[in-house]
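Comments concern the structure below.
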Amino acid sequence: MTEPNAPDRLVLRRPDDWHVHLRDGAMLADVARHTARQFARAIVMPNLKPPVTTVAAAAAYRERIVAATGPGFTPLMTCYLHDGIAPDELVRGHGEGVFTAAKLYPAHATTNSAAGVTDVRHITAALEAMQRIGMPLLLHGEVTDHGTDIFDREAAFIDRVLIGLVRDFPALKIVFEHITTYEAVAFVEAGPATIAATITPHHLLINRNAMFEGGIRPHAYCLPVAKRETHRLALRRAATSGNPKFFLGTDSAPHAVGDKESACGCAGIFNAPFALESYARVFEEEGVLDRLQGFASEFGPDFYGLPRNADFITLERAASPVPARIAAAGTEVVPFHAGETLGWRFAG
Ligand code: DOR
Ligand code: ZN
């Protein structure tokens with residue numbers, strides 16, 4: 001549904017991306033600029049090889065990102081939590097302005113998560129320290145046991161882990177990342193003000209059928225995996241509701257085309273090049289373009305306790321053809337919406 005009298009230009013306070021994978025090396029050099037073109041800041045995920053577990057590693061990674069993007073973009077760094085994390089490392093990194101937050105990957109949940117947390121009880125001291133200093137915990141919210149169906153892993157995480165975390169750490173700020181289910185929407189809505197969630201463009205636009213449309217479609221595969229249509233509709237209602245607990249996090253996760261189109265293809269969707277165009281489509285279809293600014297530019301910084309950006313960007317109603325592939329790291333990456341034409345264009 002398009003709004004009657006829909007505008008041809010949207011001027012928005014500059015958005016931030018509260019969840020992105022910028023990679024490293026040659027891939028970083030080629031993908032980071034896509035994020036820096038649209039967003040002022042981004043929460044940068046630490047699942048490199050090896051993962052970013054120390055203040056020194058995060059500070060060095062931040063320098064490599066800034067070298068890749070140039071000035072005008074602020075990477076907000078995260079610490080990769082693991083069973084042996086020292087609370088002092090988190091406290092020092094946060095105090096020195098290096099770590100904005102820490103990311104909990106359940107071990108083996110996703111790309112480069114083998115060194116993640118095997119049981120949240122192993123990081124109790126770290127969580128207590130984070131709660132004390134006001135450092136947000138970012139969650140990949142899926143259980144990893146093979147007995148749990150892949151489509152049920154997020155809902156099971158709420159029951160088995162998240163309810164206990166919220167109860168035991170009542171002042172800890174928690175971001176439930178890239179939510180994919182109505183159970184997650186309902187939990188965040190009903191929860192205390194300390195819990196919020198990010199929502200990706202792809203989970204707003206595709207359901208699990210997209211992975212099997214006429215054949216196996218590796219470019220629609222990400223983690224948490226897209227769920228059935230009822231869940232997508234719940235996510236759209238949450239994202240476009242104006243509830244400040246839900247904000248923008250793309251989870252843009254580039255992989256070389258050969259690593260996706262493989263007998264064991266990597267999880268991840270590269271949506272950074274047209275991220276705002278993609279979100280704008282959703283808000284327009286829901287008839288609430290006027291709520292895009294809150295979701296994209298206001299609720300995230302408010303939750304993190306950071307200032308909103310002072311400058312503005314413009315989206316124009318114009319055809320945005322999305323290329324089939326984008327060159328990166330001496331190979332190519334297939335972007336989200338490859339081959340489609342979107343109806344909004346980021347104009348700077
Ligand atoms: O699809 C995903 N890709 N989900 C994740 O959790 C990680 C990410 C990646 O790093 O490739
Ligand atoms: Zn991610």
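The values are calculated or read from the model by the stated rules, or taken from the named source; none is laboratory data. On a predicted model such as this, the values are computed, not experimentally measured, just so you know. All Cβ positions, glycine included, derive from the backbone under ideal geometry; neighbour counts span all protein chains shown. Side chains are part of the model used for accessible areas, which takes the heavy atoms of the whole protein and leaves out ligands, DNA and RNA. Shrake-Rupley method; radii C 1.70, N 1.55, O 1.52, S 1.80 Å.
Here are a few things to note about the model shown:
- Candidates Gly249, Gly268 - the one that is in contact with a Phe, Trp or Tyr (Cβ under 7 Å, 6 or more places away or on another chain) and within 14 Å of ligand 2 (Cβ to nearest atom): Gly249
- Within the range 252-265, being of a type in the set (Ser, Thr, Tyr) and more than 16 Å from ligand 2 (Cβ to nearest atom) holds for one residue alone: Ser262.
- Flag if Thr35 is open to solvent by less than 50 Å² (accessible area, probe 1.4 Å), part of a helix (DSSP H, G or I) and within 16 Å of ligand 1 (Cβ to nearest atom): yes
- Members of the range 38-63 that are outside any loop (DSSP other than H, G, I, E, B) and within 16 Å of ligand 1 (Cβ to nearest atom): Ala42, Ile43, Val44, Tyr61
- Residue satisfying all of: in the range 12-26; of a type in the set (A, V, I, L, M) and surrounded by 24 or more Cβ atoms within 10 Å (Cβ to Cβ); nearest to ligand 2 (Cβ to nearest atom) among these: Val20
- Criterion: within 16 Å of ligand 2 (Cβ to nearest atom), assigned to a strand (DSSP E or B) and open to solvent by 20 Å² or more (accessible area, probe 1.4 Å) - qualifying residue of Thr100, Thr110, Thr78: Thr100
- Residues that are assigned to a loop (DSSP other than H, G, I, E, B), more than 23 Å from Thr144 (Cα to Cα) and open to solvent by 30 Å² or more (accessible area, probe 1.4 Å), drawn from the range 218-241: Ser241
- Candidate set: the range 187-208, residues that are more than 16 Å from ligand 2 (Cβ to nearest atom), in contact (Cβ under 8 Å) with a residue 12 or more places away in the chain and assigned to a helix (DSSP H, G or I); chosen: the one least open to solvent (accessible area, probe 1.4 Å): Val188
- Pairs meeting the criteria (first residue in the range 98-113 and over 22 Å from Val66 (Cβ atoms) and within 13 Å of ligand 1 (Cβ to nearest atom), second residue open to solvent by less than 10 Å² (accessible area, probe 1.4 Å) and at pLDDT below 95, beta carbons under 6 Å, at least 6 apart or on different chains) are Tyr105/Ser113.
- Looking only at residues of the range 165-181 that are outside any loop (DSSP other than H, G, I, E, B) and away from ligand 1 (no atom under 16 Å from the Cβ), we find that the one that is surrounded by the most Cβ atoms within 10 Å (Cβ to Cβ) is Ile174.
- When restricted to residues that are modelled with pLDDT of 95 or more and either within 16 Å of ligand 2 (Cβ to nearest atom) or open to solvent by less than 10 Å² (accessible area, probe 1.4 Å) (or both), the range 113-142 contains 15.
- Among the numbered conditions (1) of a type in the set (D, E, K, R); (2) surrounded by fewer than 19 Cβ atoms within 10 Å (Cβ to Cβ); (3) within 14 Å of ligand 1 (Cβ to nearest atom), the only one that Asp88 does not meet is (3).
- Options Val282, Val257; residue that is within 24 Å of Phe176 (Cα to Cα), modelled with pLDDT of 95 or more and surrounded by fewer than 24 Cβ atoms within 10 Å (Cβ to Cβ): Val282
- Odd one out for Trp344, checked against (1) surrounded by fewer than 16 Cβ atoms within 10 Å (Cβ to Cβ); (2) part of a strand (DSSP E or B): (1)
- Only residues that are over 12 Å from Ala109 (Cα atoms) and buried (at least 18 other Cβ atoms within 10 Å of the Cβ) were counted in the range 143-155, giving 1.
- Looking at Ala296, Ala263, Ala272, Ala319, just one residue is open to solvent by 10 Å² or more (accessible area, probe 1.4 Å) and in contact with a Lys or Arg (Cβ under 9 Å, 6 or more places away or on another chain), and that residue is Ala319.
- Within the range 224-242, residues that are within 15 Å of Ala296 (Cα to Cα) have Cβ atoms under 6 Å from residues that are open to solvent by 40 Å² or more (accessible area, probe 1.4 Å) and assigned to a helix (DSSP H, G or I) in these pairs: Thr240/Arg291; Gly242/Arg291, counting only partners at least 6 apart in sequence or on another chain.
- Checking Ser278 against (1) touching a residue at least 40 places away in the same chain (Cβ under 8 Å); (2) within 15 Å of ligand 1 (Cβ to nearest atom); (3) outside any loop (DSSP other than H, G, I, E, B), the condition it does not meet: (2)
- Residue in the range 142-150 that is touching a helix residue (DSSP H, G or I) at 6+ places or on another chain (Cβ under 6 Å), of a type outside the set (Asp, Glu) and within 28 Å of Ala280 (Cα to Cα) present: no
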